[in-house]
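*Asks:* Attaching a single structure in structure tokens format; questions to follow.
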Amino acid sequence: MDISRKTDYALRILSILVKNPDELLSVRTAAEQVEVPYSFARSIQHGLVQAGIIESLRGVHGGMRLKVDPAEVTLREIVEAVQGPMSMNDCTAPGGECTRKSTCCYHPIWAGVQAAVMSYLDSVTLDDAVNRRRYPAVDPKFADRSAFCEYVSCDRFGCVDAD
């Protein structure tokens, strides 16, 4: 699993928008501020518009602004809007194919790691991160070994309880 450069730049652009909610931000200004080529910033803008996270207003005095409440959108939602569904590897991806998935002793582990990362990124909103209001946290169930089967569907993977 990788947080792409595109996602990193998108988060930087979104941070500017959160800090300046009453201003329209031109793509050119955003590109300069996050130190990314203009064409790449345009691609990021397009993706964020497609995801419904920002809106773009055309014209001489146009620009982009947030379309969502930053206190309502999680970092996971943004990551997935920019780079698609999160997955640890092919076998945990939506529709991922692996002929050994049902017998592989590692598949439930990768599924658990994926669930923990998703929980972590779901625990903080864009507003929380930008304004440093709350830090991410993982659901306590991930520290409870007996809860493992709850988030990786052990029956589906043929896991044996440790009890």
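*Asks:* Among the residues of segment 116-144 satisfying the criterion of being of a type in the set (D, E, K, R) and over 23 Å from Met1 (Cα atoms), which is surrounded by the most Cβ atoms within 10 Å (Cβ to Cβ)?
*Replies:* My answer is Asp128.
*Asks:* Report yes if Ser102 is assigned to a loop (DSSP other than H, G, I, E, B), out of contact with any Lys or Arg (no Cβ under 9 Å at 6 or more places or on another chain) and farther than 17 Å from Leu11 by Cα, otherwise no.
*Replies:* no
*Asks:* If you don't mind, another one. Only one residue in Gly47, Gly95 is surrounded by 16 or more Cβ atoms within 10 Å (Cβ to Cβ), farther than 26 Å from Ala143 by Cα and not β-branched (Val, Ile, Thr), so which one is that?
*Replies:* Selected residue: Gly47, the only one of Gly47, Gly95 that is surrounded by 16 or more Cβ atoms within 10 Å (Cβ to Cβ), farther than 26 Å from Ala143 by Cα and not β-branched (Val, Ile, Thr).
*Asks:* Is it fair to say Ile109 is within 19 Å of Asp2 (Cα to Cα), at pLDDT 95 or above and not in a strand (DSSP E or B)?
*Replies:* no
*Asks:* Additional query: Mind listing whichever residues of segment 1-21 are closer than 16 Å to Gln50 by Cβ and among the β-branched types (Val, Ile, Thr)?
*Replies:* Thr7, Ile13
*Asks:* Turning to a different aspect of this structure: Residues to consider are Lys6, Lys19; find the one that is more than 30 Å from Ala147 (Cα to Cα), over 16 Å from the mean Cα position of the chain (by Cα) and open to solvent by 40 Å² or more (accessible area, probe 1.4 Å).
*Replies:* So the residue among Lys6, Lys19 that is more than 30 Å from Ala147 (Cα to Cα), over 16 Å from the mean Cα position of the chain (by Cα) and open to solvent by 40 Å² or more (accessible area, probe 1.4 Å) is Lys19.
*Asks:* Could you list, ordered by first residue, the pairs with Cβ atoms under 8 Å in which the first is in segment 11-38 and in contact (Cβ under 8 Å) with a residue 12 or more places away in the chain and the second is aromatic (Phe, Trp, Tyr) and crowded, with 18+ Cβ neighbours inside 10 Å, at least 6 apart or interchain?
*Replies:* Val34/Tyr9; Val36/Tyr9
The values are calculated or read from the model by the stated rules, or taken from the named source; none is laboratory data. Note that the coordinates shown come from a computational prediction; the quantities given were computed from them, not determined experimentally. We place every Cβ from the backbone using ideal geometry, glycine too, and count neighbours over all the protein chains shown. The protein model used for the area step is the full one, side chains on, heavy atoms only, and it has no ligands, DNA or RNA in it. Shrake-Rupley method; radii C 1.70, N 1.55, O 1.52, S 1.80 Å.
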